[in-house]
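Asker: The following block contains the structure, expressed as structure tokens.
The values are calculated or read from the model by the stated rules, or taken from the named source; none is laboratory data. Note that the structure is predicted; figures quoted are calculated from it, not measured. Neighbour counts are summed over all protein chains in view; Cβ atoms, including those assigned to glycine, are modelled from backbone coordinates with ideal geometry.
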Amino acid sequence: MRILVVEDDRKVASFIHDGLVQEGYAVDVLHDGAHAGEQAQVYDYDAAILDLMLPGRSGFQVLRDIRARKPTLPVVILTAKDALEDRVTGLDAGADDYMVKPFALAELAARLRAVLRRGSAREVVLRVGDLEIDTVRRAVRRGGRAIDLKPKEYALLEFLVRNSDRPVTKSLIIEHVWNIHFDSVSNVVEVHVNALRNKIDRGFGPPLIHTIRGVGYMLSDTPPA
């Protein structure tokens, strides 16, 4: 999943970025509010984390921009503004959650998972054939057997499962599992797809990950025609 972080404090932004990347998210960071609303519209983000005290445009203005363009995008406000009226204003403006600094990364990640589930009515457990993903525990099983995945492998698998039975291109995978600064010429997608095949297809049957020649990949328990 791809997250937009709008935070002017570069140390805080780097802390959030690194922590969420370790969780398997693709993360883009902006340090001012001037173009945050536009970027949220242009790119297909799954959620946004938004500071309120930003140069360019305030967080409240950015939130209104986002809501005008993408009314269902989950947004978590993360700010030092802890007054009750600020919380009420933020939630009334359309935020899905409101956290006050200082904060624990583990709580931020948990709140992010919660708004992702609420914001798009996402299922907690995803299934394709005998493959099962618990998106809360980030646990994967196939045929009842637990499968250990690295964060990016898990992120790639969840994206493929959420798009099961339809082909997805390499560029679409990169957009959701990596970030806008990623080198699209790299073979990292192929490397991670092969790693997934070794873990969720080898020793099981039938294979779930299929290469669609000239298009990309598809995860399905039915072989493509």
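Asker: If you go through region 60-76 one residue at a time, do you hit one that is in contact (Cβ under 8 Å) with a residue 60 or more places away in the chain and either assigned by TED's automatic domain parsing to the domain that holds A110 or within 20 Å of K152 (Cα to Cα) (or both)?
Answerer: No, that holds for no residue.
Asker: Quick one: which of F15, F60 is more than 30 Å from H192 (Cβ to Cβ), at pLDDT 90 or above and part of a helix (DSSP H, G or I)?
Answerer: When all the criteria are applied, what remains is F60.
Asker: From the list G33, G37, which one is farther than 28 Å from L157 by Cα and either at pLDDT below 90 or not in a loop (DSSP other than H, G, I, E, B) (or both)?
Answerer: Within the list G33, G37, the selection yields G37.
Asker: What single numbered condition from (1) in contact (Cβ under 8 Å) with a residue 60 or more places away in the chain; (2) of a type in the set (V, I, T); (3) buried (at least 18 other Cβ atoms within 10 Å of the Cβ) fails to hold for V12?
Answerer: With (1) in contact (Cβ under 8 Å) with a residue 60 or more places away in the chain; (2) of a type in the set (V, I, T); (3) buried (at least 18 other Cβ atoms within 10 Å of the Cβ) applied to V12, the lone miss is (3).
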